[in-house]
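The values are calculated or read from the model by the stated rules, or taken from the named source; none is laboratory data. Everything quoted here is computed from the prediction, not taken from an experiment. Glycine also receives a Cβ, built like all others from the backbone with ideal geometry; neighbour counts cover every protein chain displayed. Only protein heavy atoms, including side chains, enter the accessible area calculation; ligands, DNA and RNA are left aside. Shrake-Rupley method; radii C 1.70, N 1.55, O 1.52, S 1.80 Å.
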Amino acid sequence: MRAALLRDGSDRLSIEDLEHSELMAREVLVRTAACGLCHSDLHVIDGTLQRPRPHLLGHEAAGVVEALGTDVTSVAMGDHVVTCLVQGCGSCRRCLQGQPTLCTDPAATRRASALPPRLRTLGGEAVSVMANVGGFTEQMVLDERGLVVVPDDVPMDLAALLGCAVVTGVGAVFNVGEVQAGESVAVIGCGGVGLNVIQAARIAGASPIIAVDVSAAKLAMALSLGATAVVDASSTDAVVAVRDLTGGGVDHAFEVIGRPATAEQALAMAANGCRAYVVGVMADDATFTVRAEYTKRGKSLHGVYMGATLPHVDIPRYVELWRRGELDLAAMVSRRLALDEINDGFRALAAGEVNRAVVVFT
Ligand code: COD
Ligand code: ZN
């Protein structure tokens, strides 16, 4: 099967043939239909997130079930499925509390740690996969716990977005922020994930919803998806602007880029007694400063990993919001591309030309 691989010493993906080993008891073979390009893939390409190479990127995929391991019970042949970044073991304390994003044994379903390796090049090299998914390939082998079945009428290129951009952005608002009608929200970074934070804030009834970005095109998109005001951080001090617009700060400030400086901005934008959320992922050893004054002001900082999602609960809810016309998935896809155009897709994402580009397999 053809796949786009990230190799040592290169920041471009190469199209190669891979083979997977026989299905383990709880594994499922999925024919990939679509896989979105996310900034977190770019973080691996540019080395901010280190992953063993050769590495198969792509963690926002949808496809059709093509074969089943002997013990699989939760999906059936022909089912349309979305991949989950979050695959808790199901038995640690955190999973049992309903927080699989905080699972203490995430290797339980991890192919990369299985022996023998589940995926190899034709030359026999073991291939690691991003976030236990690895979607930039014609077929994926996944643990059944990492799949959510979706109705057949959800177009596959839109279904793919549910796997990362939607669960991460919408989950931050619903599951962690628990944003209420009438509360004020600021969103720093209006890319694929940030636009979903904005949509969820609109669905929750938040007002105002202030979008902050350095790109005029992203700010225009933010307005069309629910922002009520925009701040261009390329020409304005975003903290001053948000505090001015709200008379002293917002109830909820979301950082959706993954940079120390913008995490500090989010805390500065939160009103007294209110909350900032870091949704973007930074390098594990990155640091940022918390002014001591904020503790006196009762502010709090929340790390949000993957929207604290429970994929099997959340993804069907988001499908329903899409069906009712509340969650706009179509507007998120700026570009569809073939697997061998993937490097240009990542160039466009890095250049801020797209909300989401999606590889579509024929
Ligand atoms: N101020 C305001 N906006 C900025 C600034 C700045 N200084 N710099 C960049 N931006 C804007 C860009 O113009 C762009 O619109 C946006 O920030 C970033 O958007 P994308 O589309 O490039 O990135 P996304 O939305 O695909 O990626 C989102 C994260 C950065 C949050 C992502 O990489 C991440 O960290 N994901 C969530 C964490 C996680 O759980 N990851 C696991 C899988 S994603
Ligand atoms: Zn992602």
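Within the range 99-123, restricting attention to residues that are part of a helix (DSSP H, G or I) and at pLDDT below 85, the residue that is nearest to ARG31 (Cα to Cα) is ARG111. Restricted to the range 40-56, and to residues there that are farther than 18 Å from CYS84 by Cβ, charged (D, E, K, R) and within 16 Å of ligand 1 (Cβ to nearest atom), the residue that is surrounded by the fewest Cβ atoms within 10 Å (Cβ to Cβ) is ASP46.
Only residues that are open to solvent by 70 Å² or more (accessible area, probe 1.4 Å) and part of a strand (DSSP E or B) were counted across the range 265-301, and they come to 2. Among the residues of the range 254-264, the ones that are touching a strand residue (DSSP E or B) at 6+ places or on another chain (Cβ under 7 Å) and open to solvent by 10 Å² or more (accessible area, probe 1.4 Å) come to 3 in all.
Exactly one residue among LEU96, LEU68, LEU37 is crowded, with 23+ Cβ neighbours inside 10 Å and either closer than 17 Å to GLY163 by Cα or away from ligand 1 (no atom under 13 Å from the Cβ) (or both), and that residue is LEU37. Sort out which residues of the range 175-196 are over 14 Å from VAL230 (Cβ atoms) and within 11 Å of ligand 1 (Cβ to nearest atom), and write them in order of number. GLY191, GLY192, VAL193, ASN196, listed by residue number. The set of residues in the range 234-253 that are within 13 Å of ligand 1 (Cβ to nearest atom) and either crowded, with 20+ Cβ neighbours inside 10 Å or part of a helix (DSSP H, G or I) (or both) comprises ALA238, VAL239, ALA241, VAL242, ALA253.
Looking across GLY226, GLY205, GLY194, one residue alone is buried (at least 24 other Cβ atoms within 10 Å of the Cβ) and either under 21 Å from ALA308 (Cα atoms) or not basic (Lys, Arg) (or both). It is GLY194.
Residues in the range 330-345 that are open to solvent by less than 10 Å² (accessible area, probe 1.4 Å), assigned to a helix (DSSP H, G or I) and of a type in the set (A, V, I, L, M, F, W, C): MET332, LEU339, ILE342. Could you please give the count of residues in the range 242-259 that are of a type in the set (Asp, Glu) and under 18 Å from SER300 (Cβ atoms)? So the count comes out to 2. Scanning the range 302-320 for residues that are touching a helix residue (DSSP H, G or I) at 6+ places or on another chain (Cβ under 8 Å) and part of a helix (DSSP H, G or I) yields a total of 8.
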